[in-house]
Structure formats: structure tokens, C-alpha cells
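Right, one structure below, let's go through it.
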Amino acid sequence: MCGIVGYVGPQDSLGVVLEGLRRLEYRGYDSAGVAVLADGQLSTAKKAGKLANLEKQLAEADLPAATIGIGHTRWATHGGPTDRNAHPHVSADGRVAVVHNGIIENFVPLRAEVEATGVEFTSETDTEVVAHLLTATYRALPAGPDRLAEAMRAVSRRLEGAFTLVATHADEPDTIVASRRNSPLVVGVGDGEYFLGSDVAAFIGHTRNALELGQDQVVEIDRTRGATVTDFSGNRVEPTAYTVDWDAAAAEKGGYPWFMLKEIAEQPRAVADTLLGRLGESGELVLDEVRLSDQELRDIDKIFVVACGTAFHAGLLAKYAIEHWTRIPVEVEVASEFRYRDPVLDRSTLVVVISQSGETMDSLMALRHARDQKARVLAICNANGSTIPRESDAVLYTHAGPEVAVASTKGFLTQVVACYLVGLFLAQVRGVKYADEIAAIVDDLRALPDAVARVLEQMEPVRELGRSLADANTILFLGRHVGFPVALEGALKLKELAYIHAEGFAAGELKHGPIAVIDQGTPVVVIVPSPRTRESVHGKVVSNIQEVRARGARTIVIAEDGDDDVLPFADHVIRVPRTPTLLAPVVTTVPLQVLACEIADTRGLDVDQPRNLAKSVTVE
Ligand code: M6R
């Protein structure tokens, strides 16, 4: 969702900013723009649509050479995705250019205030008001070294909502300023040059040294003075410096036509990296980074798992494993609903927030609600240094590496594995499982990367099947027990990538309504549990396959190696390696990712950046 780039240094700023925007494309956007500052003048270019449209305009506009610039990819919220709503927004006197990520909730009264001074707005955005306020505030301040930063602080104090703002002023040839509240922004520190980015991908081609910006802080980047961080009142703040642990190559496609395919292929390594260093020699769990004391973990009497989208599906799977291993009750809730329901939380509640990006606003707000109610918060997150882990009591990083495709794949698998680690660790600390029981599960976990690799070796028939399903109007997904969240995830992948109507059902619910939609030829994907799963869940799912087939469904069955019970009722069988029941989703999800990707590709769609979607949803 909205990408922001800023640059001050010796290089051609337009090139650096465009490269940064290209690397942030994965966040999702529907217009893009840049502003550069040269010879006391701001020059801007902005265009609806993809970056290629902007580049075409730039080729005609011939912007002056400059060494300071800002850029933006916009995901429309206030005002449609048009040229004039694209960022940057420039003040009426042409002296200030601003880019923004987030939503300024009080922009209506602020806009009325600005309009009352005679300023005419040129866009429908909430952002434009900031450009006008900044220029007026700057004008009213005495000349001084941090005049633009002071203007930004004064304006930020008046804003409500979520925002990352980056601004340049035509009278400040060596400075850009930025402000952040509830929206992400990181500072890249190079050799005599500085970068701003919504995330480190914006500048990873130039430097791996970064500074974290905290909540309600302003950073001034000056060509000679460097980066100065203050709070909104102007008090100096020492930013936390860190080194980004992945490089530019990790964010490139590496020969794959889509980032999503590359990320699917990376899953064996990603799962191995999530486990790395966390499984001890004697089969015990080593989670040193979970900064909750053993006593705090023993005191937990209830767990909530809170997340959005695919991460929510990982949370649903966490419930099966954590309850089974620890006997602690687990509730799973979509983050956008959590705080409105007034959940019962206290010191002995553990809230697990799962987020690949660590910036999802709904999840962040749920986290803050949980902390306000004194619950302990543990984040499961992929993006290092992002807001959610920073604001949590403890964090377990998934170490999946950068996930660029909007559709989460390795992010999901590694979240599921991290949930297993949390569940087992709790069982270990609380002493509810014998050491040899834990060691046996640890052995099963160690086998997961290979199992995923084996699934990936057999994907050609799945791709072929995907091509044959490209014209389907609707595809249903059924599962029982841990197969149910997998069915939900399979349906979500298909919806977001192929724009095909898809729904995931608990197979047992079929007869209570959904079976009515099955018609001649309706594709139904069934995730079949292992025959070794307790209470004959397997047999019940095999019956469900027969029921849908009897009503004309084309049955696509995901079953473990050697399960021949499904053969008489399956139009297509996708095989996965034998895996213990609770861990099976790590292998059964993979063919569903490949299937959705292939269907979308066959339909000629943009697999990495599906329409209307953003990689990280930084507004509520
Ligand atoms: O970054 P997060 O894990 O917090 O993101 C949550 C969802 O927005 C995300 O999983 C979304 O559903 C993906 N597009 C699914 O592929």
C-alpha cells in the first residue's frame, strides 16, 4: 500500500527515486509520481496507472538534473486513481511538494480552513491539505537551520489518523523532511547519501544500513548534517540503527517469471530458516528471543491469535496445534474485528499477532488494544524492524526473506511453522509434554523442508490442471480439521490471483447449505487428511468427496502418498508426502498456491500485483 521514496546525496535523484519506486511496486498502487528539486525550483511528474506511464511522461517532460528528490506510488483511498490525485501534491505557491501514505482523518475541517484563506485545491485527496499547511507554516517561521522540520512538526501535531509524510521545499536545496505516525518509514544511511523508504526494499540496492523511526517522530535529512530525529515537540531522539539482513538479489526474480513462483520455490529454504537455531541438539525448543519469562508463560490461561487474510489462516492452524499440545484454550480472530468485540483480556492472556509485513494497520490496532488491556503480546513477523514487533512484548521472526508478491506464500508457510514453535515451546516451558514427546515432534518439524521440496518436484500435473481450470466460474475448497483452514487459504489464493469466485468450507458443513451450489462440472478441491488422523476424519472426508461427485462435481483431491481410498472418487489426485496430522498443512497448501498461480497466469493476469490489492494494508 502506497510506497514512499526520498533521496539526498550526490547521485541523480530521479534515477534513485524511480529505482526505489520500482522496488516498492509490490506493495500495490494505482498511480505514481516524483518531485525533484534543482536551482530553487521543484519539478514534478505524476501519472495514473503503472510506473511505465510515469516513465513515459518523464521522457517527454525532461526534468532538470537534481540530487534531491521524492517519489510515491499511490493506492487510492480519498479520491480515485487519477493523474491529479497522484502524489506528489504541491502547495499553491509551488514551493512545497509532499507525498503521503495513510489517511488524514481530520482533513475535511483542515481543508475548509485552508480554503477560507483563498487557496483552491486541485485534487480530491486528503494529502493536498498538508502541502498548503506546510507552506503557510514554513512562511510564518523565522529562518533557521531546521525551519522545514519545525514546520513539519507543527503540521503533524494538527493531523489525526495515520501518516507517513515526506516533503521538500524549494528554498531548502539540501533538505528533505519526513514525519510518521502509525505508518511505516525507514531511513537508509549510505556513504554521504541518505534515503527514505516505506520499507528497506526502496534502498536495498544502495545500502543495508538503516535507522528505525518511532511513532510520532520527524526526521530531517540534510546533505551535510545527516539525519536528525525529533519527536513532534522537537525533542531530540536517538534512532535505533540496524543492518538489513537480506540483499538486493533476494528481492529480484532470479529467473522466475513471477516473484510468486520464486517465493513458492523458496519455501523449503524459508521453512528451514524459520526452524534454524530453534531446535536444540537434544530435541528441545530454543526460543531465546521470546522475551517473556518462563513464569509469564506459565501464567498464561488463554491465548488469542489475531491476524488478517492469509496470516489469519495461519492463526486458525495455530489453534489446532497449540490447544492440542498445551491444553490452553485458543481463540482466533480477524484483527479488524478484535477490538470492537471487547474481548476479555488480562495479564494472563497471551495475544499472538501474526503479520508478514509487521505493518498491517488492523493487526497493529488489535495489538495496541491488547496491550492497553494488559495482555502479553507476542508477534510472529517476517519484516525486521517493522512496527508490530517493535510494539510487542516478544517477537518470533519467521526469517522467510523478502516476500514481494502480493499473494503470501512463503510468508504463510513460515507463519504456520512459527506457530508450531510457539505451541511446542509453551508445552515445554509449562511441562505438559514429556521431553521425548517434544523431541519426536521436533524431528517431524526437521523433516518439513524436505517434504515441501518433494511436493514442489511434482507440480507439473498441478500446473496442467490449472490450465484446464482457467475458465471456471467458481471453484470450491473443502477440508476438515486442519484441512479446513487450508481450504480457506486455497480459496483466498484463487480469489486474489485469478479473480474467480472461490469459497472454502468445512467439509462437514457441506450438507448444511453449500452443497446446493454444486452443479455439473463444478470444480471442488478436497484436502484429505491422513488415514492415520484420529476419529475417522479421513473416512468422513472420503464420504464428502462422494457426495459432491454424486451431484456432478469435478473432484480434485489432495491426498497423502499411499492413500488409495480416494482413487474411486477423484477426477484428479494431487499427491503429498506423508506428514503428521498437525503439520500436514505445510505440505497440502503448496499445490493450492501453484494451482492459483497457474490459473491466474493462464488467464493473462498480473500474478504478482493483482488488481485492487496492496501487499501491506496500512490503513484500517
Ligand atoms: O502483512 P500481513 O501478514 O499482516 O498481511 C495480512 C494480509 O493482508 C495478507 O495475508 C493478505 O491476505 C495476502 N494478500 C494474502 O495472500
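The values are calculated or read from the model by the stated rules, or taken from the named source; none is laboratory data. Note that the coordinates shown come from a computational prediction; the quantities given were computed from them, not determined experimentally. Using ideal geometry, Cβ is built from the backbone for each residue, glycine included, and neighbour counts are taken over all protein chains shown. Note: areas computed on protein heavy atoms with side chains; ligands, DNA, RNA excluded. Shrake-Rupley method; radii C 1.70, N 1.55, O 1.52, S 1.80 Å.
Could you check, for the stretch 97-109, whether at least one of its residues is closer than 16 Å to Thr137 by Cα and buried (at least 19 other Cβ atoms within 10 Å of the Cβ)?
Within the stretch 97-109 (the criterion being closer than 16 Å to Thr137 by Cα and buried (at least 19 other Cβ atoms within 10 Å of the Cβ)), the answer is yes, since at least one residue qualifies.
Identify, by number, the condition in (1) open to solvent by less than 70 Å² (accessible area, probe 1.4 Å); (2) assigned to a helix (DSSP H, G or I); (3) farther than 29 Å from Val332 by Cα that Val455 doesn't meet.
Every listed condition holds for Val455 apart from (3).
How many residues are in contact with a strand residue (DSSP E or B) (Cβ under 8 Å, 6 or more places away or on another chain), within 14 Å of Cys597 (Cα to Cα) and assigned to a loop (DSSP other than H, G, I, E, B) if we restrict to the stretch 458-477?
The total comes to 1.
Yes/no per residue for (1) in a helix (DSSP H, G or I); (2) open to solvent by 10 Å² or more (accessible area, probe 1.4 Å):
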site: His538; (1), (2): yes, yes
site: Val541; (1), (2): yes, no
site: Arg549; (1), (2): yes, yes
site: Ile558; (1), (2): no, no
site: Gln593; (1), (2): yes, no
site: Ala596; (1), (2): yes, no
site: Ala600; (1), (2): yes, no
site: Val607; (1), (2): no, no
site: Thr618; (1), (2): no, no
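Would you tally the residues in the stretch 369-385 being open to solvent by 20 Å² or more (accessible area, probe 1.4 Å), more than 10 Å from the ligand (Cβ to nearest atom) and in contact (Cβ under 8 Å) with a residue 24 or more places away in the chain?
Total meeting the criteria: 5.
Would you confirm, using the coordinates I've provided, whether Thr240 is over 26 Å from the mean Cα position of the chain (by Cα), within 27 Å of Arg147 (Cα to Cα) and either buried (at least 23 other Cβ atoms within 10 Å of the Cβ) or not hydrophobic (A, V, I, L, M, F, W, C) (or both)?
The answer is no for Thr240.
Filter the stretch 386-411 for residues that are open to solvent by less than 20 Å² (accessible area, probe 1.4 Å) and among the aromatic types (Phe, Trp, Tyr) and give the result.
Residues satisfying the conditions do not exist here.
Restricting to the stretch 291-312, name every residue that is open to solvent by 20 Å² or more (accessible area, probe 1.4 Å) and within 16 Å of the ligand (Cβ to nearest atom).
Cys308, Gly309, Phe312
Is it true that Gln415 is polar (S, T, N, Q), more than 13 Å from the ligand (Cβ to nearest atom), modelled with pLDDT of 95 or more and within 24 Å of Trp325 (Cβ to Cβ)?
no
Quick check on my filter: what residues within the stretch 95-117 are among the small types (Gly, Ala, Ser) and modelled with pLDDT under 95?
Once the filter is applied, which keeps residues that are among the small types (Gly, Ala, Ser) and modelled with pLDDT under 95, the stretch 95-117 yields only Gly102.
Can you pull out every residue in the stretch 1-23 that is touching a residue at least 60 places away in the same chain (Cβ under 8 Å) and open to solvent by 40 Å² or more (accessible area, probe 1.4 Å)?
Across the stretch 1-23, the qualifying residues are Pro10, Gln11, Glu19, Arg23.
Which of the residues that make up the stretch 200-229 are at pLDDT below 90 and more than 21 Å from Gly15 (Cβ to Cβ)?
Selection gives Glu212, Leu213, Gly214, Gln215.
Among the residues of the stretch 458-490, how many are open to solvent by less than 30 Å² (accessible area, probe 1.4 Å) and over 26 Å from Ala311 (Cβ atoms)?
Residues meeting the conditions: 4.
Mind listing whichever residues of the stretch 47-84 are in contact (Cβ under 8 Å) with a residue 40 or more places away in the chain and among the acidic types (Asp, Glu)?
Correct list: Asp83 only.
State all residues of the stretch 255-290 that are open to solvent by less than 30 Å² (accessible area, probe 1.4 Å), modelled with pLDDT under 90 and under 22 Å from Phe412 (Cα atoms); if no residue qualifies, say none.
If the condition is that a residue be open to solvent by less than 30 Å² (accessible area, probe 1.4 Å), modelled with pLDDT under 90 and under 22 Å from Phe412 (Cα atoms), then Leu285, Leu287, Val290 are the ones that fit.
Does the stretch 400-415 contain any residue that is in contact (Cβ under 8 Å) with a residue 24 or more places away in the chain, over 20 Å from Lys493 (Cβ atoms) and acidic (Asp, Glu)?
No: zero hits.
Going through Leu63, Leu54, Leu42, Leu18 one at a time, which residue ends up being assigned by TED's automatic domain parsing to the domain that holds Ala202 and in a loop (DSSP other than H, G, I, E, B)?
That would be Leu63, the only listed residue that is assigned by TED's automatic domain parsing to the domain that holds Ala202 and in a loop (DSSP other than H, G, I, E, B).
If the requirement is being open to solvent by less than 40 Å² (accessible area, probe 1.4 Å), farther than 15 Å from Thr310 by Cα, in contact with a helix residue (DSSP H, G or I) (Cβ under 9 Å, 6 or more places away or on another chain) and part of a helix (DSSP H, G or I), which of these qualifies: Leu497, Leu445?
Leu445
Would you tally the residues in the stretch 24-44 being crowded, with 24+ Cβ neighbours inside 10 Å and not hydroxyl-bearing (Ser, Thr, Tyr)?
So the answer is 8.
What is the residue count in the stretch 345-368 for residues that are more than 9 Å from the ligand (Cβ to nearest atom), within 20 Å of the chain's Cα centre (by Cα) and over 18 Å from Leu185 (Cα atoms)?
5
Restricting to the stretch 331-343, name every residue that is free of Cβ contacts under 8 Å to residues at least 40 places away in the same chain and either crowded, with 18+ Cβ neighbours inside 10 Å or outside any helix (DSSP H, G or I) (or both).
Of everything in the stretch 331-343, those that are free of Cβ contacts under 8 Å to residues at least 40 places away in the same chain and either crowded, with 18+ Cβ neighbours inside 10 Å or outside any helix (DSSP H, G or I) (or both) turn out to be Glu331, Val332, Glu333, Val334, Ala335, Phe338, Arg339, Asp342, Pro343.
Count, please, the residues in the stretch 205-235 that happen to be within 22 Å of Tyr7 (Cα to Cα) and open to solvent by 50 Å² or more (accessible area, probe 1.4 Å).
Qualifying residue count, the stretch 205-235: 7.
For every residue, the table says whether it meets (1) of a type outside the set (Lys, Arg); (2) touching a residue at least 40 places away in the same chain (Cβ under 8 Å); (3) in the same structural domain as Ala407 (by TED's automatic domain parsing).
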| residue | (1), (2), (3) |
| --- | --- |
| Ile527 | yes, yes, no |
| Arg532 | no, yes, no |
| Ile558 | yes, no, no |
| Asp563 | yes, no, no |
| Arg575 | no, yes, no |
| Leu583 | yes, yes, no |
| Val586 | yes, yes, no |
| Val590 | yes, yes, no |
| Val607 | yes, yes, no |
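Looking at the structure I just gave you, is Ile354 assigned to a helix (DSSP H, G or I) and not small (Gly, Ala, Ser)?
So Ile354 fails the test.
For the stretch 512-532, give me each residue that is out of contact with any Phe, Trp or Tyr (no Cβ under 6 Å at 6 or more places or on another chain) and in a strand (DSSP E or B).
Hits for the stretch 512-532 are Pro523, Val524, Val526, Ile527.
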